[in-house]
Amino acid sequence: MRKLASSTSASVSPTISARLLSTRTALVAAGVAAMTLLAGCNEQKAAQSNAPVVKIDVSAMALHPQSVAITAELPGRTSAYLVAEVRPQVGGIIRNRNFKEGSEVKEGDVLYEIDPASYQASYDSAAAALQKAQGAVPSAQSKVDRYKSLTQQDAVSKQNLDDAVSALAQANADVASAKAALETARINLDYTKMRAPIGGRVDASTVTVGALVTAAQTTALTTIRKLDPINVDVTQSSTNLLEFRRAVAEGRLKTSGDNVSVHLTLEDGSQYKETGTLEFAESSVAETVGTITVRATFPNPDRILLPGMYVRATIQEGIAENSFLVPQRAVFRNTKGEPTAMFVTAENKVQQRVIKVQRSIGNSWLVNQGIKDGDRVIVEGSQRVRDGQEVTVSPVTIDDATGEVKQAAAAETKSTEQAELEKTDTKAASGAQK
């Protein structure tokens with residue numbers, strides 16, 4: 001039994017020893033691997049810490065104060081400069097129509113002719129009555145002259161002389177009455193030729209030849225509209241009007257006097273080539289909508305504008321001096337809703353500022369606070385930078401009409417660099433003197 005136990009122990013011991021050796025070897029290998037991995041991480045961190053910092057490229061635009069024309073775009077409609085409805089002033093049968101519908105007529109042109117027979121007869125009768133009245137005047141005058149001389153000789157009584165003078169006065173009054181009747185007959189005869197009261201474009205006729213018309217009838221025979229020049233009536237809110245007057249009173253806006261220019265945008269989006277002038281603004285505000293009506297007048301030689309067309313008028317309200325135009329793409333709002341923009345300092349570091357925006361001018365914002373001359377605002381790349389970060393700046397300009405970003409001209413870039421160098425030299429010189 002002892003031999004069997006000893007042989008069994010001898011066979012188990014080598015197996016346990018082999019397992020322990022294998023475990024130690026695995027632990028040593030794992031430790032070596034862990035040390036190798038840790039060394040690699042330390043080397044990677046060291047490499048990252050020694051790597052150069054990459055500056056983000058941004059595009060910035062230099063801002064300078066300028067005089068900005070302040071305009072207001074208002075909706076409105078066109079209306080004829082003059083409108084005249086043609087109605088007969090005497091009755092009769094239309095004998096002729098002397099115009100082409102839709103054509104241009106001049107002031108004084110004969111449009112319609114009414115049968116003048118009865119009015120001609122009335123005129124002739126009045127002329128005859130005038131001649132009759134005038135024929136009685138010489139006899140009455142000679143009788144008065146004769147009685148005057150006889151009265152001096154006491155050949156006739158003074159009463160006879162008074163009667164003769166009265167008869168002369170009656171004869172003269174009859175002549176005046178006959179002249180008035182003749183003038184009335186002449187006017188009525190002239191009314192049989194219906195003339196254009198104004199020059200302009202004539203509409204369609206509501207009557208034809210042979211129609212019976214009456215004096216002062218309610219239905220107009222036709223309508224004439226003067227289209228050159230033409231009126232444009234636009235509406236403006238009373239709130240904007242108060243703001244405009246406040247800006248003028250505070251000196252923030254300089255008006256251009258009474259000659260205010262107006263430009264039009266037509267229904268199809270095209271610009272009207274002629275420039276209009278502001279005529280007047282109504283003195284009362286519409287209670288229902290809170291607006292006032294402003295009227296402008298435009299030349300219309302080609303008759304492009306017709307009454308009733310919808311247009312948008314751009315009125316130049318004044319000039320805002322020493323103002324800055326910041327591209328709209330460079331302005332965003334913070335969590336408080338305040339307009340902000342990213343600027344680049346002289347050390348090429350990003351600086352976020354809160355600015356005060358007044359209104360939009362084209363593709364830019366009109367700003368009068370928060371900016372000084374020479375500031376560079378970031379227009380591209382602001383989403384990739386943060387406040388205080390150092391960046392690489394590419395100077396650009398923006399076309400305000402289209403919003404297109406363009407590289408700044410070499411001369412402008414050179415002048416900017418020269419200005420920066422001059423500032424640096426000035427600082428260095430002042431430091432050396434100290």
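The values are calculated or read from the model by the stated rules, or taken from the named source; none is laboratory data. Because the structure is a prediction, the values reported are computed rather than measured. Because the Cβ atoms are built from the backbone with ideal geometry, glycine has one as well, and the counts that use them run over all protein chains shown. Quick note on the areas: whole protein, heavy atoms, side chains included, nothing else; ligands and nucleic acids left out. Shrake-Rupley method; radii C 1.70, N 1.55, O 1.52, S 1.80 Å.
Taking amide H as placed 1.01 Å from N in the peptide plane, the amide H of S261 sits under 5 Å from that of Q316, each at least 5 places away or on another chain.
With a 1.4 Å probe and every protein chain left in place, work out the accessible area per residue of the stretch 322-407 in Å², rounded to a whole number. Don't skip to the answer; put the middle values down first.
Details: 4720 Å² over 86 residues.
Each residue of the stretch 322-407 exposes 55 Å² on average to a 1.4 Å probe.
Ignoring ligands, DNA and RNA, how do R333, R353 rank by accessible area with a 1.4 Å probe, largest first?
Details: R333 150, R353 45 Å².
The ordering from most to least exposed comes out as R333, R353.
Per residue, how large is the accessible surface of the stretch 150-297? Use a 1.4 angstrom probe and give square angstrom. Each step should come with its number before you reach the end.
On the way: 8760 Å² over 148 residues.
Normalised by residue count, the accessible surface of the stretch 150-297 is 59 Å².
Under a 5 Å amide H cut-off, with hydrogens placed 1.01 Å from N, M309 pairs with T78 among residues at least 5 apart or on other chains.
Database remark: amide H of I70 closer than 5 angstrom to the amide H of E317, G318, I319, A320 (H placed geometrically; neighbours at sequence offset of 5 or more, or on other chains; Pro and chain starts carry no H). The order of I355, I56 by accessible area, most exposed first and with a 1.4 Å probe, is I56, I355. Summary value for the stretch 88-219: 53 percent relative contact order, contacts being C-alpha pairs under 8 angstrom separated by 6+ residues. Take the Cβ atoms of K273 and A127, set R0 to 56 Å, and the FRET efficiency comes out at 0.50. Would you give the gap between the C-alpha center of the stretch 279-297 and the C-alpha center of the stretch 327-365, rounded to a whole Å? So the two Cα centres are separated by 36 Å. Phi angles of the stretch 196-203 translate, via the Karplus equation with coefficients 6.51, -1.76, 1.60 and θ = phi - 60°, into HN-Hα couplings of 6, x, 9, x, x, 8, 8, 7 Hz per residue; Gly and Pro are given as x.
Using the Cβ-Cβ distance between Q352 and S67 with R0 = 30 Å, the FRET efficiency computed as 1/(1 + (r/R0)^6) comes to roughly 0.60.
Would you check the stretch 322-407 for Lys pairs whose C-alpha atoms are within less than 23 Å, ignoring same-chain pairs closer than 8 in sequence, and give me the count? For the stretch 322-407, qualifying lysine pairs total 5. Solvent exposure of T335, expressed as accessible area, is near 150 Å², computed with a probe of 1.4 Å over the protein chains only. One decimal place: the segment T214-I93 gains 42.7 nm when fully extended, by the rule 0.36 nm per residue minus the C-alpha distance. Counted over the stretch 88-219 with a bin width of 5 Å, the fraction of Cα pairs per bin, in whole percents, is 2, 10, 13, 13, 11, 8, 8, 7, 6, 6, 5, 4, 3, 2, 1, 0.
Accessible surface of the stretch 322-407, 1.4 Å probe: 42 percent of it comes from carbon and sulfur atoms.
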